[in-house]
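Each reported figure results from applying straightforward, stated rules to the coordinates on display, with no laboratory input. Source: prediction; values computed, not measured. Positions of Cβ are backbone-derived with ideal geometry, glycine not excepted, and every protein chain shown enters the neighbour counts.
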Amino acid sequence: YWLASLYALIKPDTTDPTYMVINLGAMLVTTAAQLPALFVVYGCFYAIDESQGKAFIADLELERRASAIGVYNFVAGSLYLAASLAAGALWMLDPAYAFALAAALSLAAMLTFIGLRLAQQSAR
């Protein structure tokens, strides 16, 4: 049960290079046609990521699946609220700042998990 909650905190969408590329793309949009194309790519990515995350949590907790998914959605929703408030504050300064922060955090998360994976492999 708590492993599922921990998974919600380290949700893999921020560690996927696709997330970083989409945020960088949002910073660089220059025409009206580019934005819908970017949303289509992000929509496909989000649909795949969200469904596999919930399936993973359901597989972790066999007896209390509904509770595990509920905790996952509560934690994710709380984090999304905080992230949305921060992005809104940055947007008021300059919209590119919000996307730059999201891309930078995604890169930091990827590097952290790569470092953890390498440390885990060297400990074996």
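Taking Lys and Arg as +1 and Asp and Glu as -1, the other residues whose beta-carbon sits under 10 Å from that of ARG65 total -1. Computing Kirkwood radius over Cα pairs in Å directly from the structure and comparing it against (1) 15.3; (2) 14.2; (3) 16.1 singles out (3). Computed 3J(HN,Hα) for the range 95-100, one whole-Hz value per residue from the Karplus formula 6.51 cos²θ - 1.76 cosθ + 1.60 where θ = phi - 60°, is x, 5, 4, 5, 6, 5, glycine and proline marked x.
Assuming charge only on the beta carbon of Lys and Arg (+1) and of Asp and Glu (-1), the dipole of the chain about its Cα centre is about 220 debye to the nearest 20.
In this simple spin-label model, placing a label point 7 Å from the Cα along the Cα-to-Cβ direction at both ARG117 and GLU63 gives a separation of 3.3 nm.
Between CYS44 and TYR80, the modelled label-to-label distance comes to 2.2 nm, taking each label 7 Å out from Cα in the direction of the beta carbon.
Look at ASP49, ASP59 and count the other Cβ atoms within 10 Å of each Cβ; fewest to most, that gives ASP59, ASP49.
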